[in-house]
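A short write-up of the structure that comes next.
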Amino acid sequence: MRAAVRRLDPDAEEHELAAAGLALGDLAEALSPSLFGGHRLVVVTGVHEAAGALADTLVAYAKDPDPELTLVLVHAGGKRNEALLKAFRQAGAAEDECPKLTNAGERMTFVRNEVRRAGGRITPDAATALLEAVGNDLRSLSAAASQLVSDFGGSIDADAVARFHRGQAEVSGFTVAERVLVGDHAGSVEMLRWALDRGVPHVLLADAIADGVRTAARVASLGTSNIGDLARQLKLPPWKVKKAQAQARGWSIPALQQAIGVAAELNADVKGVAASADYALERAVRRIVELRQTSGAGRGTRR
């Protein structure tokens, strides 16, 4: 559903709320029209745990939905708040049955199918290693499967999984920034999600992206490739200048200026302006990558 909404409106506003303990005011704010217009996506998870008043509010919304909003309710099954589901069915809501994978064999099959869908093959010991490394979350397993195929080619063995997982465990804001600056769309989003999953603070991620963009812009604007000269002028260590040179390659100065603006907006978003810091980070990453890809296409230096 997220992918479908993004195809409809790449800048769609997104909110994800847990029903347990959710205040009515917070739900009302998420469902209310945006001051900036555009489409919105609201995901309410765990609606089987919604309090009576919250369930009543959702039922009332189903009777008069906003055409500029996509509302997704996630219910774990069972009888709790069954009347809420019935009300949405009667209102014509689409319903997706997502049976739980209840044992290791089903999860192994899921991993193999995801790798195959991405164009690769995975050995049984590698699939076991991936489950042990990533856990049972299907979204994370799917993302890891596609990234493994992208990183290691068509055949995935246990050694590839071990190397991949070590890389994810060490992910930081600077890892994300590096992928963003070279225009790696899939890799940057993947690294961002791993970083968020491992608890890297939003502010550190935003600062790393901003630092990377600003440094690349400073290096690109001076018009010299001499590392020693750049290091002296910018008062930066040579290794950082060399890395910034590689990251600035393929960028135009106007595109980097726009990227600095996106990074500045992100800084405010993660400090409380945005409703969802996770969403603000992913949106900024996508926007900067698009600027890099457009800039590179214009100069014939796509990487």
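From the phi of every residue in region 125-136, what ³J(HN,Hα) in whole Hz does the Karplus formula 6.51 cos²θ - 1.76 cosθ + 1.60 yield, where θ is phi - 60° and glycine or proline is x?
5, 5, 4, 5, 4, 5, 4, 5, 7, 9, x, 9
For region 52-64, in order, what is each residue's ³J(HN,Hα) by Karplus, 6.51 cos²θ - 1.76 cosθ + 1.60 with θ = phi - 60°, in whole Hz (x at glycine and Pro)?
Couplings: x, 5, 5, 4, 4, 5, 5, 4, 4, 5, 4, 6, 8 Hz.
Using a probe of 1.4 angstrom, how much of the accessible area of the chain is carbon and sulfur, in percent?
Exposed carbon and sulfur together represent 53 percent of the surface.
Helix 202-221 versus the longest principal axis of the chain: what angle, 0 to 90°, nearest 10, using Cα atoms?
On a 0 to 90 degree scale, this one is about 30.
Measure nothing but the geometry: give the 0 to 90° angle between the long axis through the Cα atoms of 185-197 and the longest principal axis through the Cα atoms of the chain, rounded to 10°.
60
Considering only protein heavy atoms, what per residue accessible area in square angstrom results for region 145-244 with a 1.4 angstrom probe?
The answer is 47 Å² per residue.
Ordering W239, W251 by accessible area with a probe of 1.4 Å, largest first, what comes out?
W239, W251
With every protein chain present, what is the per residue accessible area of region 14-107 (1.4 Å probe, Å²)?
60
Total Lys pairs in the chain closer than 27 Å by alpha-carbon, pairs eight or more apart in sequence or interchain only?
5
Roughly speaking, what is the stretch gain from A20 to A231, that is 0.36 nm per residue apart minus the C-alpha to C-alpha distance, in nm to one decimal?
Full-extension gain reported as 70.7 nm.
Specify, per residue and in Å³, the volume enclosed by the convex hull of the alpha carbon atoms belonging to region 77-122.
Measuring per residue, one finds 77 Å³ for the Cα hull of region 77-122.
So for M191, M108, M1, what's the accessible-area order with a 1.4 Å probe, most first?
Largest accessible area first, the list is M1, M108, M191.
Can you give me the angle between helix 238-248 and the longest principal axis of the chain, using Cα atoms only, in degrees from 0 to 90, rounded to the nearest 10?
So the inclination is approximately 60 degrees.
Which of the following values of Rg/Rh (Cα atoms, Kirkwood Rh) was calculated from the structure shown: (1) 0.95; (2) 1.02; (3) 0.98?
It is the value labelled (2).
Relative contact order for the chain: what is it in percent, counting Cα pairs under 8 Å that are at least 6 residues apart?
Relative CO of the chain lands at 13 percent.
Convert each backbone phi in region 267-274 into a coupling constant with the Karplus relation 6.51 cos²θ - 1.76 cosθ + 1.60 (shift: θ = phi - 60°), then list the ³J(HN,Hα) values in order as whole Hz, x for Gly and Pro.
4, 5, 4, 6, 9, x, 6, 7
Rounded if a/c is under 1.5, else prolate if a/b beats b/c, else oblate: with a ≥ b ≥ c from the C-alpha gyration tensor eigenvalues square-rooted, which is region 89-190?
It is oblate, given that a/c is not under 1.5 and a/b is not larger than b/c.
Once you have the alpha carbon radius of gyration of region 41-129, what is it after dividing by 2.2 N^0.38 Å, with N set to its residue count?
Cα Rg divided by the expected 2.2 N^0.38 Å: 1.49.
The values are calculated or read from the model by the stated rules, or taken from the named source; none is laboratory data. The structure presented is a predicted model; accordingly, all values stated were derived computationally and were not measured. In case anyone asks, the SASA skips ligands and DNA or RNA and just uses the protein heavy atoms, side chains included. Shrake-Rupley method; radii C 1.70, N 1.55, O 1.52, S 1.80 Å.
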